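Down below is the structure, laid out as structure tokens.
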Amino acid sequence: MRPGLPPLHGLRFAFGTLSVLRVRVDRWDRPTAGAAMLWAPLVGLVLGATAAACGAAVSLLGGGPLTAAVAAVAVPAWLTRGLHLDGLADVADGLGSGKPAEDALRIMKQSDIGPFGVVTLVLVLLGQVAALAQAYGTGAWRGALAVVTAAVAARCALAWGCRRPVPPARPSGLGAAVAGTVNTPAAAAVTAGWALLLGAAAFTHGPAAARYPVALLLGVGCGLLLLRRCVRRFGGITGDVLGALAETTATATLLALTLLPRTA
């Protein structure tokens, strides 16, 4: 964030861009966009906590782990208007097309969803529901913490997607507005800070508390693999790539929580 830039401008930009929550956004310049990407995990915390509360309520009311998991996955999709899921489907179609970058970007910009996008959405949503069903099966609190961890991790990945020197794939659009606005030390500091906060939130789990920050870091790492592939394939990032980055990171985080030993 540049000196003199009011932090609230970036915070408003983050909530106004990444959620359906109504906030007044006064500035749309690149410094504000960069600040917004660093604020993005806070948006994830708010959305994740809302989804976690809904899932926990369903679980405590006797709805069962699977129903709780479906509720916890549905709420963020609603609170983001399916923004990240749409980006994931578009990127899957672009990568799966096998066409040159310009043609792949054109495919991604179309309003319809192709077979690669449909299959990817189905598998990702099934993976998220399955992982959360297992988490809610061990208790409402653990399920809720898994939801929040995945939501925060997904938004931590956005800062990495916008770091210098990652270029935009198009000269306009959200990708062009945010590409290269975050420096690597800032992205690393934000990610490490949220990982520590999640570990502190899970301290009552004893040694198993380490699973949550470790899962966040593993999820972000998987997201960065997708980012690397997209930059090579498309020549940079777009808003769709950022959405795919968020969903991939969230899914990988949940799968990591499922697979990591509960005593580590």
Open item on the list: Exactly one of these conditions fails for His9: (1) modelled with pLDDT under 90; (2) out of contact with any Asp or Glu (no Cβ under 9 Å at 6 or more places or on another chain); (3) not in a loop (DSSP other than H, G, I, E, B). Give me its number.
Closed with: (2)
TODO: Go through the residues of the stretch 57-73 one by one and say whether even a single one is among the small types (Gly, Ala, Ser), open to solvent by 30 Å² or more (accessible area, probe 1.4 Å) and closer than 24 Å to Thr181 by Cβ.
DONE: no
TODO: Just one of (1) touching a Leu at 6+ places or on another chain (Cβ under 8 Å); (2) without any contact (Cβ under 8 Å) to a residue 40 or more places away in the chain; (3) part of a helix (DSSP H, G or I); (4) β-branched (Val, Ile, Thr) trips up Val124, so point out which.
DONE: (2)
TODO: Filter the stretch 187-222 down to residues that are at pLDDT 90 or above and of a type in the set (Val, Ile, Thr) and give me whichever is surrounded by the fewest Cβ atoms within 10 Å (Cβ to Cβ).
DONE: Val214
- [ ] All but one of (1) farther than 30 Å from Gln110 by Cα; (2) at pLDDT below 90; (3) open to solvent by 20 Å² or more (accessible area, probe 1.4 Å) hold for Val25, so report the exception by its number.
- [x] (1)
Task: Criterion violated by Gly143 - all others in (1) over 26 Å from Gly236 (Cβ atoms); (2) without any contact (Cβ under 8 Å) to a residue 24 or more places away in the chain satisfied - done: (2)
Open item on the list: Being farther than 18 Å from Gly180 by Cα, of a type in the set (Val, Ile, Thr) and open to solvent by less than 50 Å² (accessible area, probe 1.4 Å) is the filter here; which residues of the stretch 28-56 pass it?
Closed with: Val43
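The values are calculated or read from the model by the stated rules, or taken from the named source; none is laboratory data. As the structure is a computational prediction, the values presented were derived from the model and not from experiment. Glycine also receives a Cβ, built like all others from the backbone with ideal geometry; neighbour counts cover every protein chain displayed. These area figures cover heavy atoms from the full protein model, side chains too; ligands, DNA and RNA do not enter into them. Shrake-Rupley method; radii C 1.70, N 1.55, O 1.52, S 1.80 Å.
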